[in-house]
Amino acid sequence: MIRLLAFLLTLIPAIAAADEKIVLGLSQDEVSITASFTGSEILIFGAISRDEPPPQTTELGVIIAVAGPNVPVEVRQKDRVAGIWVNTDSAAIDIAPSFYAIASSAPLTDVLLPLEDLHNAISWGRVVRAVGQDAFAINEYTEAYMRIKQNSDLFQLLEGAVAIEGDTLFHTAIQLPSNLTEGDYKTRIFLTRDGHIIDSFQTEIPVYKVGIERWLYNLSQNQAALYGLLSLLIAAVAGWAASAAFAILRR
Amino acid sequence: MQIYLPIAEISVNIYLLLGIGGLVGVLSGMFGVGGGFLITPLLFFVGIPPAVAVATSANQIVASSVSALMGHIKRRGVDFAMGWVLLIGGIIGSAVGVQVFNILKQLGQVDLLVNLCYVIFLGIVGGLMMIESLRALMRSKRSGAPKRRRHNWVHNLPFKIKFRVSGLYISVIPPLMVGVAVGILAAIMGVGGGFIMVPAMIYLLGMPTKVVIGTSLFQITFVAAFTTMMHAITNQTVDIILALLLLIGGVIGAQVGAQIGMRLKAEQLRILLASLVLLVCIKLGLDLLIKPAELYSIGVLQ
């Protein structure tokens, strides 16, 4: 009887917590890459809606993850052969986001249990996967991938960057660098209690070129010969014009 | 001021690109080299993806070569007969080179082979040119008498043609071979090939330096145009915005360079070009020898 009571008691906060829901807002619905694009800052903000006062016994956590489109890549390793540094080995990484940023309200290990991470693939190590090869040997390649991406700001770990106000409102800012891969950026928000995920929300932020950037890109892909001739024409005219202009100047 | 490049998919400072274009343009006008061996590494350094850098610099070379070529045509510094022979060879070589490049790509290690090609060829050409020019300079200081060109094996081959502007009466085989060799290397190394052709024309064919530069530019213009089309059609890696910014700097630089070139002595010009070639050679050689900070790199999965 006592056991059952104890069990029910532990259940109460879990039930109460399940009533907490995420309501989300974004500073912009899409990111347009224009000629003057130098990167973009996305403001992600939201509220936690609940019917009852927030439980005081468990710790609230918010995790926000923004992932760019997956691009299969090959990570190559250099080694010294006969005195010079050459690529000696490589490994394919089949599933890896081209961009990945995680922001959390506290250190990630505090707000996310390893099991939840495994199920939902949230941390860096979980989103970058090499499929169908020796997982042990491949570990250093996925680590290298993450390290290189981090150095160019394409992988970000922003622990503590999500601010929670009054247990209800949360917001964070994610900085997108200029060297983005086009596509739909999957944005996930997780609400956790003591590391357990109690609610999640998912949306997509489209990141695409617009205007002349879009037009030129499409032309180069769909009408390659025309695009090539156009670039040659520009080159030849510019070369001739400069020569003619200098000839006039000299006179 | 930053600008986003649609094909390279990166945002770069406009003035930096104008500066790179201008610098390479000056060299192009001075020496009659396209400058590909210089502009491509510079673009890597700015962060442009290698495939885009190689393809776009070919396009930029067309512009600066045309600009410089016009100046040389006006001064009658182009041997068109020789230019056409070199060009025919160049196109044949380029087609062969593209095949070789694709075979190397399948074997992997194409980066290494391209780098080794650079170091070896820049080293040999730069070194030989430097030694020869220094000798010539010392000779001209000792005695003002110009040395008569020697006749070598090149002058004993059949199919002789009169190259009026160069003042040569030689077989078409050597210039054709030079064209083919330059075309092959140009395709593999992603450059116009002027830095190999200029010395070959001076030392192998015995052409006068004043005609060499214009004629080399004539050949480079067309080979670079051919390369640009190949890249645009097969890889879609020509960035027109990047090319435009580079060539604005480039065409102006080429005119300035041509003026400087006319004022310098042939020997001085050769020593300067040799130093430049050796400098790039040393830089690329060190990159192969020194342990890189990051042993891993990310490549696109084929």
Pick from segment A:175-212 the residues that are assigned to a loop (DSSP other than H, G, I, E, B) and of a type in the set (D, E, K, R): which of them is nearest to the other protein chains (Cβ to nearest Cβ)?
-> A:GLU182
Looking at this structure, is B:ALA95 on the phi < 0 side of the Ramachandran plot, at pLDDT below 85, part of a helix (DSSP H, G or I) and in contact with a Leu (Cβ under 6 Å, 6 or more places away or on another chain)?
-> no
Would you confirm whether any residue within segment B:200-218 is under 16 Å from the mean Cα position of the chain (by Cα), within 11 Å of chain A (Cβ to nearest Cβ), part of a helix (DSSP H, G or I) and at pLDDT 85 or above?
-> yes
Out of all the residues in segment A:29-54, which are under 20 Å from A:ASP19 (Cα atoms) and crowded, with 19+ Cβ neighbours inside 10 Å?
-> A:GLY46, A:ILE48
Residues being buried (at least 20 other Cβ atoms within 10 Å of the Cβ), more than 16 Å from the chain's Cα centre (by Cα) and either more than 8 Å from chain A (Cβ to nearest Cβ) or not polar (S, T, N, Q) (or both): count how many of those fall in segment B:254-283.
-> 1
Can you name the residue in segment A:213-225 that is more than 9 Å from chain B (Cβ to nearest Cβ) and in a helix (DSSP H, G or I) and is also surrounded by the most Cβ atoms within 10 Å (Cβ to Cβ) among such residues?
-> A:ASN218
Restricted to segment B:34-77, and to residues that are more than 13 Å from every other protein chain (Cβ to nearest Cβ) and among the β-branched types (Val, Ile, Thr), which residue is farthest from B:HIS231 (Cα to Cα)?
-> B:ILE39
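For every residue, the table says whether it meets (1) under 17 Å from the mean Cα position of the chain (by Cα); (2) closer than 22 Å to A:VAL62 by Cα.
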| position | (1), (2) |
| --- | --- |
| A:ALA163 | no, yes |
| A:ILE174 | yes, yes |
| A:ASN179 | yes, no |
| A:THR187 | yes, yes |
| A:PRO206 | yes, no |
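The values are calculated or read from the model by the stated rules, or taken from the named source; none is laboratory data. The model shown is predicted, which means the values in this text are computed figures rather than measured ones. Cβ atoms come from the backbone with ideal geometry, glycine included; neighbour counts cover every protein chain shown.
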